[in-house]
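Worksheet: the structure to be examined is printed underneath.
The values are calculated or read from the model by the stated rules, or taken from the named source; none is laboratory data. What you are looking at is a predicted structure, and each value in this text was computed from that prediction instead of being measured. So basically every Cβ, Gly included, is an ideal-geometry build from the backbone, and we count neighbours across all protein chains shown. Heads up: the accessible areas ignore ligands, DNA and RNA and are worked out on the full protein's heavy atoms, side chains in. Shrake-Rupley method; radii C 1.70, N 1.55, O 1.52, S 1.80 Å.
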Amino acid sequence: MRFTPQDEQFRAEVRAWLNANLTGQFEGLRGAGGPGREHERYDERLAWHRHLAAAGWTCLGWPAEFGGRGATLARQVIFHEEYARADAPARVSIIGEELLGPTLIAFGTPEQKARFLPPIQNVTELWCQGFSEPGAGSDLAGVKTRATLDGKDWVITGQKIWTSLAHLADWCFVLARTDPGSTRGTGLSYLLVPMRQPGVTVRPIRQLTGTSEFNEVFFDGARTDAAHVVSRPGDGWQVAKATLATERGAAMLGLQVGFRRELEDLIKVARHTAAAADPLLRDKLARAWIGLEAVRAYALDTLDGDNAAAEASVLKILWSRWHQALGELAMEVLGAPSLVGDDEWRRLFLFSRAETIYGGSDEIQRNIIAARALGLPGK
């Protein structure tokens, strides 16, 4: 990916707007939120995200007819990088904006687009993702949650787990089995289900960090309109795969800017402690820097590739293992003090244990690479 002079003008525009607006009531939000810290200053971050929307800084890659800017991949990358460099607060509507929105634009009916896209764009309705189940996490084709038509409604019964931000969401896009005799990826449908109704119970899952941004969700006769199925009944597997393919797009480059800040901060810690005198730790810090450069290069080179599924799986393995290793390295740099207290490094170490599991475990990612990149036969 190469940035044109016009792209660099856009970068300057983004940087100037963030500098001018992360002030006043929003100045104290710098660095707030993010994985493992979604509880931080939530109401203020919601107000900030709506402020972004009012200025036209949400849904940049969406076509203009649906409320976006039609921004190129290069400019989406620029926005996410500058947003991270400004240490702007984590946005609260990423699931709707970056997962459901593009899915509806590709597969939704005109009525669904008119109903659901504007509230995503202006951050007045929040979404969560109802895919994983206790027996169908990375192996998503094992979904058992079922939905049946009852007059003008789908009636949903089942359980979802590891549902990020379900306790805050207004809606959930749910992968459910609508053909009782189907198996694996057949007979699944992609339903849009309101969360605030009888028959929906959300239970927080307490994590190693003490926070609870993941949840269990129980559907016990929950209902949604029969028209709230994306594409056709039975097409849910294809739609779900399209959603997952958008999960590791331009925003990944912004995430890596945050990783770089963490690494730079850890290097500063090492320089002010005895760790800087340890040649083994210096070597590990240097290798961490090299590894992050490799992750960024791969992300840029494959952002618009023609084998998106396999490339996304490679990237997921690269960044999750790198970040997990950074948490481990932080514990080595800090030494014995890392065992007590509750600082940012301990939270990084604890939360990053999940990163090689959520969003598709390493084992599943390797299966995808084997099948779709290497052409190896299945079992």
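For the stretch 1-110, applying the loop criterion from DSSP together with a ceiling of 10 other beta carbons within 10 Å to the chymotrypsin sites (Phe, Trp or Tyr not before Pro) yields no site.
On the stretch 178-298, 56 percent of the accessible area sits on carbon and sulfur atoms, based on a 1.4 Å probe. In this simple spin-label model, placing a label point 7 Å from the Cα along the Cα-to-Cβ direction at both ASP343 and LEU374 gives a separation of 4.1 nm. Summing charges over neighbours of ARG41, with a neighbour being any other residue whose Cβ is under 13 Å away from its Cβ, gives -1 when K and R count +1 and D and E count -1.
One way to sum up the overall shape of the stretch 94-189 is the equivalent ellipsoid from its Cα gyration tensor, whose semi-axes run 23, 16, 12 Å, largest first. Would you mind telling me which residue in GLY101, GLY199, GLY36 has the biggest mean-square fluctuation in a Gaussian network model of the chain, where springs connect alpha carbons within a distance under 10 angstrom? It is GLY199.
Among PRO118, LEU149, THR243, whose Cα sits farthest toward the positive end of the charge dipole of the chain (+1 at Cβ of Lys/Arg, -1 at Cβ of Asp/Glu, about the Cα centre)? Sorting the options by dipole projection puts first LEU149.
For the options GLY28, GLY327, GLY130, a Gaussian network treatment of the chain with springs between C-alpha atoms closer than 10 Å singles out GLY28 as fluctuating the most. Working from label points 7 Å from Cα in the Cα-to-Cβ sense, the ARG203 to GLU111 distance is 3.6 nm.
For the stretch 314-375, the carbon plus sulfur part of the accessible surface works out to 60%, probe radius 1.4 Å. Heavy atoms of the protein chains alone define the surface here; on that basis the chain has 47 Å² accessible area per residue at 1.4 Å probe size. Taking every pair of alpha-carbon atoms in the chain, give the share separated by more than 28 Å as a whole percent. Result: 48 percent of Cα pairs exceed 28 Å.
In summary, the lysines within cross-link reach of LYS113, defined as a Cα separation below 24 angstrom excluding same-chain residues under 8 places away, comprise LYS152, LYS241.
When the chain is treated as a GNM with alpha-carbon contacts under 10 Å, the residue of VAL123, VAL340, VAL143 showing the greatest mean-square fluctuation is VAL340. Dipole of the chain computed with +1 at Lys/Arg Cβ and -1 at Asp/Glu Cβ about the Cα centre; of ALA136, VAL202, THR109, farthest Cα towards the positive end is ALA136. Evaluate the relative contact order of the chain (contact order divided by residue number), counting alpha-carbon pairs under 8 angstrom at least 6 apart; express in whole percent. It rounds to 14 percent for the chain. Among LYS152, LYS113, the sequence by solvent-accessible area, most first, with a 1.4 Å probe is LYS152, LYS113. According to the Kirkwood relation over distinct C-alpha pairs, the hydrodynamic radius of the stretch 179-298 is 19.2 Å. For the stretch 1-49, the equivalent ellipsoid derived from the alpha-carbon gyration tensor has semi-axes of 27, 15, 7 Å in decreasing order.
P(r) tail for the stretch 36-111: Cα pairs beyond 14 Å make up 66% of the total.
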